[in-house]
Amino acid sequence: MCSGKTPSRLNGSAKAGDRYIVTALVASHIDDQLIPLSRVLQSVLNVSTGRDWYCSSRRWRMRYSTLHEVWIDLNVIKATEHLTLHCKDLDIFENSTTLFSLPPSMNASEDISMMSIASMSSGGEVTRSLKNRTTERRLDLLTLHLENPLQEGGRYRLHLKYKGQLSKALSGFYRVAYTDKANITSWLATTTFEPTEARRAFPCFDEPIFKARFQINLARPDSLSTLSNMPLRSTTVDAKKPGWVWDHYEESPLMSTYLVSFYVGNLQSVERTLAEGGTPFKVWARPGATEQTRFALSMGPEMLRFLGDYIGVDNPLPKQDVLALPNFISDALENWGLISFGEKYLLYQPGVSSSSSQQKIATILGHELAHNWFGNLVTMRWWDDIWLNEGFATYFSTLAVNHVRPEWDIHSLYAVNSFLKVFSVDALHTSHPLIPSADTPSDLHQIFDAITYFK
Ligand SMILES: [Zn+2]
């Protein structure tokens, strides 16, 4: 459904009178009886994969349930007794759900990541207890009903403990197996959240308008490594589990939940960072396949620098990692600072791969890097404007590729390829407007097509 409500009370930077399409998915969040969030929401995602994982001498495996905790800071715009989040396929420990009031003196931008987990859990006053909870499965909504209302203007910290499952579905937080040359099977785990799968990894306000700062901590066996959107801040030994460590990541800038990402596994990296302030740039691949990252590394750092110079805004994040995943749900995904690729769209083997695969790798890599600005830094309020993300990323990709490889005449190729793709899709009865109606999670998965990317 649509509404003429403005987002001004949701987003302090919005101008009164701006158009805002309220779909069924977001309607419950902005109901007058519920809790709109300010744009300074902060989250700490503490992912413990510890209990159910183990290592052997030559390989590591994992069982598939994971333990997590999440802390979410809330600004209450209007008093409410109900708190609605997105949540899917997660087993929340109801007895551990708590709400702390935050002292008024605490600045909204105070660095939550500097607080220890112990102080976060016990330092505040538990002011609201949970009466019960209800779910709306069609929209993946979880509503916590409170004994006493949250006060207008108040600030609170919601703490949830829960258990999840590492699926094989290539979405949410999932696992991927691969076999190396010695015929040994290894596993990695990573995330694919766009558009509506972050809710399968942590309870959250899983819509692009609800940006938050994320500070992520990951537990791992010390034989593996982890990655996330931001640079690693520190690694500490887990005193309770011998052989395990915690990786603590820097706090992110404001970003939408669909861009959050983390990874654990034994991929290996090759780095190429341009001189004079270039963003540290690494491509990660299976052991034995790292040489095939050379072509991507010959293009990526230059394209990233070109885009920042051309747009006039420096690359927003301090590092760029790119994963070549043995199995992936699409070509690539623009997780901020941690782009994911299917191997065949990123790895290039001279003498084996075709020359056209070079153009495909460069074009997709340029597209995902352009998302650092178009979509990640500047984000649509709702998914019906996803064409702004994809259209600009596609166009700026051709500029970046042309800058590094002008001899390819990529603009001519782009014109032919994109026109043909759009004509063929737009001629079908299933064609849709550039700004489609997209209300439910299943609707959203249908709109990532040639019309959105190229029309
Ligand atoms: Zn894209």
(request) Under 8 Å between Cβ atoms, at least 6 apart or on separate chains: pull out the pairs that start in region 323-337 with a residue that is farther than 12 Å from T192 by Cα and touching a residue at least 60 places away in the same chain (Cβ under 8 Å) and end on any residue that is charged (D, E, K, R) and more than 13 Å from the ligand (Cβ to nearest atom). (result) P326/R286; P326/E343; G337/K319; G337/D321
(request) Scan T379, T440 and give me the residue that is within 21 Å of the chain's Cα centre (by Cα) and either more than 16 Å from the ligand (Cβ to nearest atom) or over 22 Å from L304 (Cα atoms) (or both). (result) T440
(request) Search region 434-455 for residues that are of a type in the set (G, A, S) and in a loop (DSSP other than H, G, I, E, B) and pair each with any residue that is more than 14 Å from the ligand (Cβ to nearest atom) and open to solvent by 60 Å² or more (accessible area, probe 1.4 Å) when their beta-carbon atoms are under 8 Å apart and the residues are at least 6 apart or on different chains. (result) A438/Q446
(request) Please report, ordered by residue number, the strands (runs of 3 or more DSSP E) entirely within region 255-307 with at least 2 residues that are open to solvent by less than 10 Å² (accessible area, probe 1.4 Å). (result) 262-265, 281-285
(request) Collect the residues in region 364-394 that are part of a helix (DSSP H, G or I), modelled with pLDDT under 95 and either open to solvent by less than 10 Å² (accessible area, probe 1.4 Å) or not hydrophobic (A, V, I, L, M, F, W, C) (or both), keeping them in residue-number order. (result) W383, D384, D385, I386, N389, E390, G391, T394
(request) Those residues that are open to solvent by less than 10 Å² (accessible area, probe 1.4 Å) and either polar (S, T, N, Q) or not assigned by TED's automatic domain parsing to the domain that holds L434 (or both), I need them from region 395-415; list them, please. (result) S397, T398
(message) For T452, only one of the following conditions fails: (1) away from the ligand (no atom under 16 Å from the Cβ); (2) buried (at least 18 other Cβ atoms within 10 Å of the Cβ); (3) polar (S, T, N, Q). What is its number?
(response) (1)
(request) Just one of (1) within 14 Å of the ligand (Cβ to nearest atom); (2) farther than 17 Å from V270 by Cα; (3) buried (at least 21 other Cβ atoms within 10 Å of the Cβ) trips up L317, so point out which. (result) (1)
(request) Could you list, in sequence order, all residues of region 395-429 that are without any contact (Cβ under 8 Å) to a residue 60 or more places away in the chain, more than 15 Å from the ligand (Cβ to nearest atom), within 21 Å of F295 (Cα to Cα) and assigned to a helix (DSSP H, G or I)? (result) N402, P406, E407, W408, I410, H411, L413
(request) Scan region 176-210 residue by residue and report those that are closer than 25 Å to L139 by Cα and of a type in the set (K, R). (result) R199, R200
(message) So E251 ticks every box in (1) charged (D, E, K, R); (2) in the same structural domain as F341 (by TED's automatic domain parsing); (3) not in a strand (DSSP E or B) but one. Which box is left unticked?
(response) (2)
(request) Take region 320-344 and flag every residue that is surrounded by fewer than 21 Cβ atoms within 10 Å (Cβ to Cβ) and either under 21 Å from V401 (Cβ atoms) or small (G, A, S) (or both). (result) S330, D331, G342, E343, K344
(request) Please state which of the following conditions G124 fails to meet, knowing it meets all the rest: (1) surrounded by 14 or more Cβ atoms within 10 Å (Cβ to Cβ); (2) in contact with a strand residue (DSSP E or B) (Cβ under 8 Å, 6 or more places away or on another chain); (3) modelled with pLDDT of 80 or more. (result) (3)
(request) Sort out which residues of region 435-449 are open to solvent by 40 Å² or more (accessible area, probe 1.4 Å) and hydrophobic (A, V, I, L, M, F, W, C), and write them in order of number. (result) I435, F448
(message) Quick check on this structure: which one of S186, S167, S171 is under 24 Å from N327 (Cα atoms), touching a Gly at 6+ places or on another chain (Cβ under 8 Å) and in the same structural domain as F93 (by TED's automatic domain parsing)?
(response) S186
(message) I'm trying to understand the selection: among the residues of region 332-357, which are part of a strand (DSSP E or B) and either more than 14 Å from the chain's Cα centre (by Cα) or over 17 Å from F374 (Cβ atoms) (or both)?
(response) L338, S340, F341, G342
(message) Scan region 352-363 and tell me whether some residue there is within 12 Å of the ligand (Cβ to nearest atom), assigned by TED's automatic domain parsing to the domain that holds N417 and either in contact (Cβ under 8 Å) with a residue 12 or more places away in the chain or crowded, with 20+ Cβ neighbours inside 10 Å (or both).
(response) yes
(message) Looking only at region 206-237, how many residues end up being surrounded by fewer than 16 Cβ atoms within 10 Å (Cβ to Cβ), touching a residue at least 24 places away in the same chain (Cβ under 8 Å) and over 26 Å from V378 (Cβ atoms)?
(response) 2
(message) Could you tell me how many of the residues in region 248-284 are of a type in the set (S, T, Y) and over 18 Å from the mean Cα position of the chain (by Cα)?
(response) 3
(request) Name the single residue, out of those in region 417-434 being of a type in the set (A, V, I, L, M) and either open to solvent by 80 Å² or more (accessible area, probe 1.4 Å) or touching a Pro at 6+ places or on another chain (Cβ under 9 Å) (or both), that is nearest to G366 (Cα to Cα). (result) L420
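The values are calculated or read from the model by the stated rules, or taken from the named source; none is laboratory data. Predicted model only: the values in this text are computed from it and were never measured. Cβ coordinates were reconstructed from backbone atoms using ideal geometry, including for glycine residues, and neighbour counts include every protein chain displayed. Areas reflect the complete protein model, heavy atoms only, side chains present, ligands, DNA and RNA absent. Shrake-Rupley method; radii C 1.70, N 1.55, O 1.52, S 1.80 Å.
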